[in-house]
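Participant: Let me begin by handing over the structure; questions about it come next.
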Amino acid sequence: MGMNVFDRNTGFAAETPQVVGFDRNTGIDSMTYGAPGAKIFYVDPNNSQAVDFGNLGQDPTVPLATATAAVALCRDHRGDTIVIGPNDAWQYGPHNRTIAIVESLVIPNTKGGITIRGAATNPMGLQWEPGDDSEACITVHAIDVLIEGVTFSAPNNTGATGIHVEWGTTAVDFGENLTVRGCFFNDLDYGITLDYSWYDQIYNNSFDTISIAAILNTSVTGDADYIAIHDNSFLSCALCISMPGSDENFIYNNRINEDGTGTNNFIDLTGGSTNLVTDNYFACTIAQYDTTCSDATSGAWLNNHCTNGNPAAPPT
Amino acid sequence: MTPNERKISIKFRLTAADVAALVAAGFDTPRKIKDADPEKLPPGLADKLTRWHEKKKDAPAKVTGSAGSDT
């Protein structure tokens, strides 16, 4: 068993013996992670030994069957991690471990600071589908949650969302300071939706075939502010970063390969203020930049890149 | 302040007394505050929220379709 030393920003120990039970190298060395006393809970519905009730979930050879059961076992702000075993349910995978995670998971406000981590080497090895039509795969009502290494896809559902995070006016919803990284969002109506959630970090994700909006400020209760959105790629998304009314966001180094003849479909910050939008790569011309993005009054638009050069002026 | 009142005070740069007045008048979310008719806000608050209300008025109309030359 290795020490719980941090390996860059993943938090998992490197060069140490691996846990068994997931049929592949997980990079995880023990049952504890990060903070002293933190626990790892294993989920793998493809393991025939998987069971929820009465299972403490800390033995990877006898994992939990659902992420919902794992969240119930997690403790508030103790650094607990849920590790989910890989599957190959992706549409053209070999289909040997075919059971995807099919859950509409809700992380309540009593489960702050937990991590959900896919154990596959890339997110396509861990497909997560919603439990029903018009639901989100994960709804976050807790603060300081980290989600990484998951493919969110809804090949069997309509109206689906990958991740919804919300902060409410009562103590029920505290979805804030969320990190989503290294995830793939595919075949959904919405990728990530944000309501009155602040300080979220959304980076190194791919959004592909999103029929309404990849990242959306729903603004039912309030706007999503102080968000960092960077190093994401967007392909075949009706709207990419749709954050009208949002303030103080930092949006940089994203790659948007969409329809250059659209309106506000690349980055939309209309009505927002004090945002910084820089070094993004757009598959549109400088002239189209004026229409695919919005707008100059929302903050600083600097050094962005179009197919025929860098725009000298911000979009109107 | 409640967590919600604290967030409103940060968002709109308001004092605790200002936030209390807003919430008491039913403006208990940023959405409601930003959508409010300035005349219906508690006394003195319209001036303090000018930044957001001016923003709403000044949002430029977007041109659909051709945006001109690529020069």
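Participant: In this structure, does A:Ser206 turn out to be more than 14 Å from chain B (Cβ to nearest Cβ), surrounded by fewer than 24 Cβ atoms within 10 Å (Cβ to Cβ) and at positive phi?
Facilitator: no
Participant: As an exercise: evaluate B:Ala25 against (1) modelled with pLDDT of 90 or more; (2) under 14 Å from the mean Cα position of the chain (by Cα); (3) away from every other protein chain (no Cβ under 13 Å) and give the number of the one condition it does not meet.
Facilitator: If we test B:Ala25 against (1) modelled with pLDDT of 90 or more; (2) under 14 Å from the mean Cα position of the chain (by Cα); (3) away from every other protein chain (no Cβ under 13 Å), just (2) comes out false.
Participant: When you go through (1) within 20 Å of A:Leu194 (Cβ to Cβ); (2) of a type outside the set (Asp, Glu); (3) assigned by TED's automatic domain parsing to the domain that holds A:Cys306 one by one for A:Asn265, which number turns out not to apply?
Facilitator: (3)
Participant: If I ask for residues that are at pLDDT 95 or above and either β-branched (Val, Ile, Thr) or more than 17 Å from A:Tyr203 (Cα to Cα) (or both), which ones from region A:148-165 would you list?
Facilitator: Those that are at pLDDT 95 or above and either β-branched (Val, Ile, Thr) or more than 17 Å from A:Tyr203 (Cα to Cα) (or both): A:Val150, A:Thr151, A:Ser153, A:Ala154, A:Asn157, A:Thr158, A:Gly159, A:Ala160, A:Thr161, A:Ile163, A:Val165.
Participant: Within region A:217-246, how many residues turn out to be buried (at least 24 other Cβ atoms within 10 Å of the Cβ) and among the β-branched types (Val, Ile, Thr)?
Facilitator: Within region A:217-246, residues that are buried (at least 24 other Cβ atoms within 10 Å of the Cβ) and among the β-branched types (Val, Ile, Thr) number 3.
Participant: Of all residues in region A:169-197, how many are under 11 Å from A:Ala142 (Cα atoms) and not acidic (Asp, Glu)?
Facilitator: 7
Participant: Out of the residues in region A:216-225 meeting the condition of being of a type in the set (A, V, I, L, M, F, W, C) and closer than 16 Å to A:Asn275 by Cβ, tell me which one is nearest to the chain's Cα centre (by Cα). Steps first, answer last, please.
Facilitator: Step one: filter region A:216-225 for residues of a type in the set (A, V, I, L, M, F, W, C), giving A:216, A:220, A:224.
Next cut, closer than 16 Å to A:Asn275 by Cβ only: A:216, A:224.
Working: A:Leu216: 13, A:Ala224: 15 Å.
Among residues in region A:216-225 that are of a type in the set (A, V, I, L, M, F, W, C) and closer than 16 Å to A:Asn275 by Cβ, the one nearest to the chain's Cα centre (by Cα) is A:Leu216.
Participant: Please specify each residue of region A:291-316 satisfying the condition of being part of a loop (DSSP other than H, G, I, E, B) and over 25 Å from the mean Cα position of the chain (by Cα). Lay out the reasoning, then the answer.
Facilitator: Initially, region A:291-316 is screened for residues part of a loop (DSSP other than H, G, I, E, B), giving A:295, A:303-304, A:307-308, A:310-316.
Correct list: A:Asp295, A:Asn303, A:Thr307, A:Asn308, A:Asn310, A:Pro311, A:Ala312, A:Ala313, A:Pro314, A:Pro315, A:Thr316.
Participant: Select from region A:276-294 the residues that are closer than 26 Å to A:Asp195 by Cβ and surrounded by 22 or more Cβ atoms within 10 Å (Cβ to Cβ) and write down the one among them that is nearest to the other protein chains (Cβ to nearest Cβ).
Facilitator: Per the criteria, the residue is A:Ser294.
Participant: Search region A:154-174 for residues being in contact (Cβ under 8 Å) with a residue 60 or more places away in the chain and not hydrophobic (A, V, I, L, M, F, W, C), and hand back the single one that is surrounded by the most Cβ atoms within 10 Å (Cβ to Cβ).
Facilitator: If we take residues in region A:154-174 being in contact (Cβ under 8 Å) with a residue 60 or more places away in the chain and not hydrophobic (A, V, I, L, M, F, W, C), then A:Asp173 is surrounded by the most Cβ atoms within 10 Å (Cβ to Cβ).
Participant: Show me the strands (runs of 3 or more DSSP E) entirely contained within region A:81-161 in which 1 or more residues are of a type in the set (A, V, I, L, M) and touching a Ser or Thr at 6+ places or on another chain (Cβ under 9 Å).
Facilitator: Counting at least 1 such residues, we get A:81-84, A:105-107, A:115-118, A:136-140, A:146-148.
Participant: Looking only at region A:271-282, count every residue that is of a type in the set (Val, Ile, Thr) and at pLDDT below 95 and tell me the total.
Facilitator: Going through region A:271-282 one residue at a time, the tally reaches 1.
Participant: Kindly indicate which of A:Thr316, A:Thr263 is among the β-branched types (Val, Ile, Thr), closer than 21 Å to A:Tyr190 by Cβ and either surrounded by fewer than 24 Cβ atoms within 10 Å (Cβ to Cβ) or at pLDDT 95 or above (or both).
Facilitator: On the way: A:Thr316 fails: closer than 21 Å to A:Tyr190 by Cβ.
Just a single option satisfies the conditions, and that option is A:Thr263.
Participant: For region A:94-133, what are the residues that are among the small types (Gly, Ala, Ser) and surrounded by fewer than 16 Cβ atoms within 10 Å (Cβ to Cβ)?
Facilitator: A:Gly131
Participant: With respect to the numbered conditions (1) under 24 Å from A:Thr158 (Cα atoms); (2) crowded, with 23+ Cβ neighbours inside 10 Å; (3) modelled with pLDDT of 90 or more, which one is the sole condition not fulfilled by A:Ala67?
Facilitator: Result: A:Ala67 fails condition (2) only.
Participant: For region A:226-275: of the residues being within 14 Å of chain B (Cβ to nearest Cβ) and acidic (Asp, Glu), which is farthest from the chain's Cα centre (by Cα)?
Facilitator: A:Asp259
The values are calculated or read from the model by the stated rules, or taken from the named source; none is laboratory data. Keep in mind it's a predicted model, so treat the numbers as computed, not measured. We place every Cβ from the backbone using ideal geometry, glycine too, and count neighbours over all the protein chains shown.
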